[in-house]
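A.B. asks: The structure's right below; bear with me while I get my questions together.
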Amino acid sequence: MLLVIVRLPWDGDLGMHAATVERLRHRLLDPGNPLVDENTPSPYYSPWTVFLGVVARCTGLSVWVVLRIGALIGLALLVTGLWRYVRTLSDRSAAPPLALLCTVFLWGTQVFKWSGFLGLNSLALTVAYPSVFALGLTFHFWAALARALKGEPAAPAVFLGLGALWAVILLSHQFTGVVATLGALATAVGARAGRRALPRLGAGILLGVVVLAVWPYYDFFALFRVGGLETIHRALYQDLFARFCLVLLGVAALAVQARRDPRDPLAVFFLLGVAVFAAGGLSGHYSWGRALPAVLIPAQIAAAVEVAGAASGTPRKAAAGVLAAALAAGAWTQAQTVGYVVGRSALPGPVAAKYRVPWTGYHWITPWVRYGDVVMAKTYPARQIPAYGVYTVAPGYPDFFLPDEGRRVSAAGTYFGGGVPRNARLRALRSYGARWVVQGPSDGGLPPGDRALRRVAAGPGGQVLYEVVR
């Protein structure tokens, strides 16, 4: 993973997070929309990205170096947090390193990649995302909560600190915040928190809610009114066996733990996660599927804890052998992750066939396009171009805080659409002050040689940067 951070493969949402840090570098207190030239709030302005923006502003380092620093911090938090959390569940020295192996390899026979999930391939592509920072902080949060509830409850100040930490997780990555909340509830149930602990827990929750309410960069509670997330998240309910079949070993381990103690924190955590995930599938709220880590994480850790704590002799050898075979299968499934360090050419044929080449980026437009310029581009380049401080006409990602999102998407659709009159394309091009166009051979738009465009540079895949002639 350290070598992956050096390469920092670009796929998915990395451009969004780079754009967010870039806006904060230039206007820390009032950064505006990270993707388009509008002064709107954004849930991407979290405590974590604000911290990275301060680092970028104070050091003058490029956004890519700052993201690598953030990835190192997030990875360190993840490993140390998982280690601390597992130590609250088992005193066996083998449990923490085995749990680390299980969380990255004990998945399935089909690669699954999504922000907020800890499979090795997914982690390689999202290590610089806020979700990894939030997950690392979540493990520390659970560990600290378990210790605060053990025996005599900790001092009230400790619970206030935990409440603030809970709010930071929710603000940094809302879906991971849901997982953190379910895990905290399971920890409290498993700890059998007494009457003395309840008022302190309540005070911590109240402080957390206050922090959420006063966060100045966006209205956290407005997210509860957001819709339109179900289509993209429906994929979370598909191919479940192929993606997660190896986790069934952890489910068996959870059954053993629940039989010993019905209030075992991992078993309770798992049941809460299953309830939320199942409710999302049954009700059509597929975005609730982002609670799936609350199903996977307790099962993966349970497998490690049970094998580490198995009685010596034949039972321990058998359990260790089965888990080793499952981890080997999971590692082979995700072997293409090595390609993010060595490249496709160094991979054996079967591994290279599974490898997905990272995006190349749009650095080739930066000698001409300046910070704050507006570019007309289709969705795919619009997910990368703002990483360089440039705005696009239409956002590359859904933006529920952008009032005119529909009109912007319509303008881009009109410009690139087929059979659109030239005057309509020109109106769409100039409606949001676009100074540049990034256009591929099959994208549509004004034809090459149109007097409204001046060819400036060529990029990968036949893409061309045009300047809009005023």
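A.B. asks: Is there a residue in segment 362-380 that is within 20 Å of the chain's Cα centre (by Cα), part of a loop (DSSP other than H, G, I, E, B), within 30 Å of VAL338 (Cβ to Cβ) and not β-branched (Val, Ile, Thr)?
C.D. replies: Looking for residues that are within 20 Å of the chain's Cα centre (by Cα), part of a loop (DSSP other than H, G, I, E, B), within 30 Å of VAL338 (Cβ to Cβ) and not β-branched (Val, Ile, Thr), one finds none in segment 362-380, hence no.
A.B. asks: Within segment 370-392, take every residue that is in contact with a Leu (Cβ under 8 Å, 6 or more places away or on another chain) and open to solvent by less than 10 Å² (accessible area, probe 1.4 Å) and give me the one that is nearest to ALA18 (Cα to Cα).
C.D. replies: ALA387
A.B. asks: Take the residues in segment 408-426 that are among the basic types (Lys, Arg) and over 19 Å from GLY372 (Cβ atoms); name whichever of them is least open to solvent (accessible area, probe 1.4 Å).
C.D. replies: The selected residue is ARG425.
A.B. asks: Okay, moving on. Which one of LEU28, LEU24, LEU101 is touching a helix residue (DSSP H, G or I) at 6+ places or on another chain (Cβ under 8 Å), open to solvent by less than 50 Å² (accessible area, probe 1.4 Å) and either outside any helix (DSSP H, G or I) or touching a residue at least 40 places away in the same chain (Cβ under 8 Å) (or both)?
C.D. replies: LEU28
A.B. asks: Got a sec? Which of VAL111, VAL132, VAL127, VAL104 is within 25 Å of ARG356 (Cα to Cα) and either of a type in the set (Phe, Trp, Tyr) or at pLDDT below 95 (or both)?
C.D. replies: The conditions single out VAL111.
A.B. asks: Kindly indicate the residue of segment 427-450 that is farther than 17 Å from VAL393 by Cα and in contact (Cβ under 8 Å) with a residue 12 or more places away in the chain and also least open to solvent (accessible area, probe 1.4 Å) among those meeting that condition.
C.D. replies: ASP450
A.B. asks: Moving on to the next point. Identify all residues within segment 169-184 that are hydrophobic (A, V, I, L, M, F, W, C) and in contact with a Phe, Trp or Tyr (Cβ under 8 Å, 6 or more places away or on another chain); write none if there are none.
C.D. replies: The answer is ILE169, LEU170, LEU171, ALA180, LEU182, ALA184.
A.B. asks: Right, another one. Could you list, ordered by first residue, the pairs with Cβ atoms under 8 Å in which the first is in segment 402-426 and within 30 Å of ASP219 (Cβ to Cβ) and in contact (Cβ under 8 Å) with a residue 40 or more places away in the chain and the second is part of a loop (DSSP other than H, G, I, E, B) and not aliphatic (A, V, I, L, M), at least 6 apart or interchain?
C.D. replies: So the pair list comes out as LEU402/ASN33; LEU402/GLU38; LEU402/THR40; LEU402/PRO395; PRO403/THR40; ASP404/GLU38; ARG408/PRO395; ARG408/TYR432.
A.B. asks: Find all pairs meeting these conditions: Cβ atoms under 7 angstrom apart; at least six residues apart or on different chains; first residue within segment 451-462 and open to solvent by 40 Å² or more (accessible area, probe 1.4 Å); second residue at pLDDT below 95 and among the polar types (S, T, N, Q).
C.D. replies: Taking only residues 6 or more apart or on different chains, the pairs are PRO460/THR360.
A.B. asks: Just give me the residues in segment 138-186 being in contact with a Lys or Arg (Cβ under 8 Å, 6 or more places away or on another chain), modelled with pLDDT of 95 or more and of a type outside the set (A, V, I, L, M), in sequence order.
C.D. replies: Within segment 138-186, PHE139, HIS140, PHE159, PHE175 qualify.
A.B. asks: Listed residues GLY70, GLY116, GLY81; which is at positive phi, under 22 Å from the mean Cα position of the chain (by Cα) and open to solvent by less than 30 Å² (accessible area, probe 1.4 Å)?
C.D. replies: GLY116
A.B. asks: What is the one condition in (1) in a helix (DSSP H, G or I); (2) touching an Asp or Glu at 6+ places or on another chain (Cβ under 8 Å); (3) open to solvent by 50 Å² or more (accessible area, probe 1.4 Å) that ALA56 does not satisfy?
C.D. replies: (3)
A.B. asks: Same structure, new question: Can you confirm whether segment 143-164 contains a residue that is in contact with a Phe, Trp or Tyr (Cβ under 8 Å, 6 or more places away or on another chain) and more than 20 Å from VAL268 (Cβ to Cβ)?
C.D. replies: no
A.B. asks: Just to be sure, is ALA329 in contact (Cβ under 8 Å) with a residue 60 or more places away in the chain, assigned to a helix (DSSP H, G or I), small (Gly, Ala, Ser) and more than 30 Å from GLY227 (Cβ to Cβ)?
C.D. replies: yes
A.B. asks: Kindly indicate the residue of segment 340-361 that is free of Cβ contacts under 8 Å to residues at least 60 places away in the same chain and open to solvent by less than 30 Å² (accessible area, probe 1.4 Å) and also nearest to VAL111 (Cα to Cα) among those meeting that condition.
C.D. replies: The selected residue is TYR355.
A.B. asks: If you don't mind, there's one more thing I want to ask. Do we have any residue at all in segment 36-51 that's of a type outside the set (S, T, N, Q), more than 20 Å from PHE400 (Cα to Cα), assigned to a helix (DSSP H, G or I) and open to solvent by less than 10 Å² (accessible area, probe 1.4 Å)?
C.D. replies: Within segment 36-51 (the criterion being of a type outside the set (S, T, N, Q), more than 20 Å from PHE400 (Cα to Cα), assigned to a helix (DSSP H, G or I) and open to solvent by less than 10 Å² (accessible area, probe 1.4 Å)), the answer is no, since none of the residues qualifies.
A.B. asks: So, in segment 262-314, exactly how many residues are touching a residue at least 12 places away in the same chain (Cβ under 8 Å) and farther than 29 Å from LEU229 by Cβ?
C.D. replies: Final tally of qualifying residues: 12.
A.B. asks: Got at least one residue in segment 334-352 being within 25 Å of ARG243 (Cβ to Cβ) and charged (D, E, K, R)?
C.D. replies: Yes, because at least one residue in segment 334-352 is within 25 Å of ARG243 (Cβ to Cβ) and charged (D, E, K, R).
Condition check ((1) open to solvent by 40 Å² or more (accessible area, probe 1.4 Å); (2) within 25 Å of ARG356 (Cα to Cα); (3) modelled with pLDDT under 95) across all residues:
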| residue | (1), (2), (3) |
| --- | --- |
| VAL247 | no, yes, no |
| ALA291 | no, no, no |
| ALA318 | yes, no, yes |
| ALA324 | yes, no, no |
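The values are calculated or read from the model by the stated rules, or taken from the named source; none is laboratory data. Remember, predicted model here, so these are calculated numbers, not experimental data. Ideal geometry is used to build each Cβ from the backbone, glycine not excepted, and the neighbour counts take in all protein chains shown. The protein model used for the area step is the full one, side chains on, heavy atoms only, and it has no ligands, DNA or RNA in it. Shrake-Rupley method; radii C 1.70, N 1.55, O 1.52, S 1.80 Å.
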